Amino acid sequence: MLGIGRFRNRDCQGISRRAFLQVGATLPFVCGFSTLGGQISQAADAAKAKSVLVVWLGGGPSHLDLFDPKPKASSQFRGPFATIDTHLPGVSFTELLPKLAARSKNFSLIRTNINYEGGHRPASSIMLTGSVAPDGGEDRGGKPGQYPPNYGSILARHRATSELPGFVSLARGPIGDGVGPIFGHGGGTWGKGHDAFMLSCSDSGEVSIPALQLPEGLSPMRLTDRRTVLASLDQMRRTVDSAEFDKWDGVYKRAYALLTASDASKAFDLTQESDSTRNTYGHTSFGQSALLGRRLVEQGVPYVQVNWSQYVEVFFPFSDYGWDTHSDNFGLMADWHGPLLDRVLSALLDDMQDRGLLDSTLVICMGEFGRTPRINNIGSRDHWPSCYFSVWAGGGVAPGRVIGESDANGEHPLTDPIAPAMVGTTILELAGMSTARRAEMGVLSGGRVIDDLL
Amino acid sequence: MICCNTKRHARQLWLIARMRRTSIFVICFFVVACLTAASAVADKPIRLTHDGKRKLSPVFMPGGDSIAFTVHHVPNQVIVKRLNLTDGSQEPLFPADPAHQFDAAFSRDGRYRSYCRSASIRQLVLVIQDTRDNNKEFIFLPPGSSRGTVRSLKFTPDGRRIVFTLSAAGGLQIASVNLKGEDLKRLTESEGTNYWPSISPDGKSIAFSSSRNGPYDIYVMDIDGGNVRRLTNSPTRDIRPAWSPDGKQIAFTSARDGNYELYVMNADGIHPRRVTNHPERDDFAAWQPDGKKLLTVAERDGRMDLYLIDVPE
């Protein structure tokens, strides 16, 4: 169920000729993996959240059409969806979320998140780092490498888990919009070595590493032989541009070490799950990615980001149905986005709970902003960073709470807004990083915890 | 799947048995017998596809031996496919088009076909092709913003116009154009969202969903947009009406029982009855040309496929 780069190792017809890394015991074991399988570093022991799993809804999901409906607002605001009761007194969601409404006692909801930017990439970077980029952000000429590190990069460094990636992000490639990637998705000023380790999971559960392209002359089948691999790499080192090779070589070695470690390989193999479990998540890329995320957490990966899509856009020719519903928001929400989010997030929360993982795993579902409460001039909704939602569960979060209240049209918080730095501070605090430790690492040392969540 | 008729029969038997003060054993015996008989009469749903990929907007093509449907083919492309019912084969309907494609529609005589195409000049444009003229294309660009869209296309029975959902200020409206993508006529101008038009077989009326009075309900109007009447009044959404070939019934999707299920009602809105009953999703009803079955997209075990199901009396 796993391949590198563009290669696949299994399809409906069985084993592909192009399969090259059959994970499992038959592969050479090139490096140790001492930190897997519950042997988490000491830093995790004191944490309420031994792992963090972020479900990232890139593009900006509409808060009014999901978790913060305004049925009494005028038709210019409220949208076409009915509201349904939750298990929390006086709290309603829209009818697009019946499963989550039935599980409302299992998570807490913030209705007053805010962001400082209205563009996808800068807002995403802020939400994923808790900080505003010093160069003004991607839309103002910002450069990669000048951004604060992602929460995942911070936690991965704090936990220091040898070859096991401390920060895994699940998408078809670097997440972003049609203009470019989100710089705050990676290690930022700490360097590319602290970037997320990207894995891609298809709707059939095939896992691959999208960034890796095999160099010319190195066939997939030869990779199963360690001596051949090393010889090939040595030869390549002499024949290709050294900087380019080093970049590829570093990623390759990390990937190869990860994929050939038996414990790690189990995490990637979704066929080890029962059909019932896989069906419950649903056979979509997002659903199977969420299941993969749970498996990675189970194996001790400290920080996993499950991405709804690679791109935020919905309809552009390159895009893959993100949440940026400037057009046809109400058709898309009824056809696809609402039901899929409801199914997958519910399945994830149930599964984590059933396996006893939820207490030790902080699950957060959020995007970079919400969408305009006022319906736009083409009957849809645009970006809205002034007030939106996030869902929190497990890992020290008290369930069944609704934190914050928005105004009558969902445009602005009536209560204290929850700033991105508070999101990041709370994540890191629950993951066992004290103020002193954050100060030592130079990250989010001045942030405030969202006390109402705890 | 247990249809509502089965439940009703079971209840009738239970009441009869109670009146006659028969034993619990006898009641159970008859209920089981009734369920068995009912399931023997009703055909099982016929699964038409097996890939499990996300599907939308299936429709029978002219002649009735093929189905066109929208499918999330690969992660970054949604396309329209044709399913040949005689041999089960599938093929892209617009293979030369690399854009996202949605919501295919066909004129009754099969000469014209239409779909929504993602583009940069507008988000979704209306494409009309004349199959008798080397697929010559006519494009309708939704007016206004570059993010304008058209969705949910239907040809009028006389084949002269296409009715669709059009992005508009403050909401979505039902509109139509001729076969050259010209002569735009706005058929609704209400508050809220108006979506999923379905034209009666006689061409005189259009059923559609609207949020003008709250959550989506189903309405009907004359073909020119006049004489709007409300057919449903549900606390949750009633969407995607589909007029039966004989014009006597309308199928639709409703969440009135907690999740997406299919219902059928008389064309005047009375006698709604539930067609599907499953904890997963049943959606996108389209009538088989003989009116005996509904073509649907059903989610089963997390996979979305096309099915044919019986329509209750």
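One line per residue, one yes/no per condition, for (1) hydrophobic (A, V, I, L, M, F, W, C); (2) out of contact with any Lys or Arg (no Cβ under 8 Å at 6 or more places or on another chain); (3) closer than 27 Å to A:E95 by Cα:
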| residue | (1), (2), (3) |
| --- | --- |
| B:K154 | no, yes, no |
| B:L166 | yes, no, yes |
| B:G181 | no, yes, no |
| B:I199 | yes, no, no |
| B:S210 | no, yes, yes |
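State whether the residues of region B:69-87 include one that is more than 14 Å from chain A (Cβ to nearest Cβ), among the charged types (D, E, K, R) and within 24 Å of A:S319 (Cβ to Cβ).
yes
Taking region A:103-134 on its own, how many of its residues are without any contact (Cβ under 8 Å) to a residue 24 or more places away in the chain and touching a helix residue (DSSP H, G or I) at 6+ places or on another chain (Cβ under 8 Å)?
Narrowing region A:103-134 to residues without any contact (Cβ under 8 Å) to a residue 24 or more places away in the chain: A:122, A:132, A:134.
Next, only the ones that are touching a helix residue (DSSP H, G or I) at 6+ places or on another chain (Cβ under 8 Å) stay: A:122, A:132.
Matching residues across region A:103-134 total 2.
Taking region B:225-240 on its own, how many of its residues are within 14 Å of chain A (Cβ to nearest Cβ) and surrounded by 13 or more Cβ atoms within 10 Å (Cβ to Cβ)?
8
If you take the residues in region B:148-189 that are among the β-branched types (V, I, T) and assigned to a loop (DSSP other than H, G, I, E, B), which one is farthest from the other protein chains (Cβ to nearest Cβ)?
B:T156
How many residues are β-branched (V, I, T) and under 13 Å from the mean Cα position of the chain (by Cα) if we restrict to region B:223-277?
Number of matching residues: 4.
Filter region B:190-202 for residues that are away from every other protein chain (no Cβ under 14 Å) and either touching a residue at least 60 places away in the same chain (Cβ under 8 Å) or over 17 Å from the mean Cα position of the chain (by Cα) (or both) and give the result.
Matches in region B:190-202: B:S200, B:D202.
Take the residues of region A:74-89 that are closer than 29 Å to A:T361 by Cβ and surrounded by fewer than 21 Cβ atoms within 10 Å (Cβ to Cβ): which is nearest to the other protein chains (Cβ to nearest Cβ)?
Within region A:74-89, the match that is nearest to the other protein chains (Cβ to nearest Cβ) is A:I84.
Looking at region B:122-147, which of the residues that are of a type in the set (S, T, N, Q) and away from every other protein chain (no Cβ under 14 Å) is nearest to the chain's Cα centre (by Cα)?
Out of the qualifying residues, it is B:Q129.
Tell me, which residue of region A:325-371 that is charged (D, E, K, R) and more than 10 Å from every other protein chain (Cβ to nearest Cβ) is surrounded by the fewest Cβ atoms within 10 Å (Cβ to Cβ)?
A:D354
Could you list, in sequence order, the residues of region B:88-121 that are aromatic (F, W, Y) and away from chain A (no Cβ under 14 Å)? Reasoning before the result, please.
Restricting attention to region B:88-121, the residues satisfying the condition of being aromatic (F, W, Y) are B:94, B:102, B:106, B:112, B:115.
Result: B:F106, B:Y112.
May I ask you to say which residue of A:L155, A:L223 is at pLDDT below 85 and either closer than 30 Å to A:Q272 by Cα or assigned to a strand (DSSP E or B) (or both)?
Answer to the check: A:L223.
The values are calculated or read from the model by the stated rules, or taken from the named source; none is laboratory data. Predicted model only: the values in this text are computed from it and were never measured. All Cβ positions, even for glycine, are placed from backbone atoms using ideal geometry, and neighbour counts span all protein chains on display.
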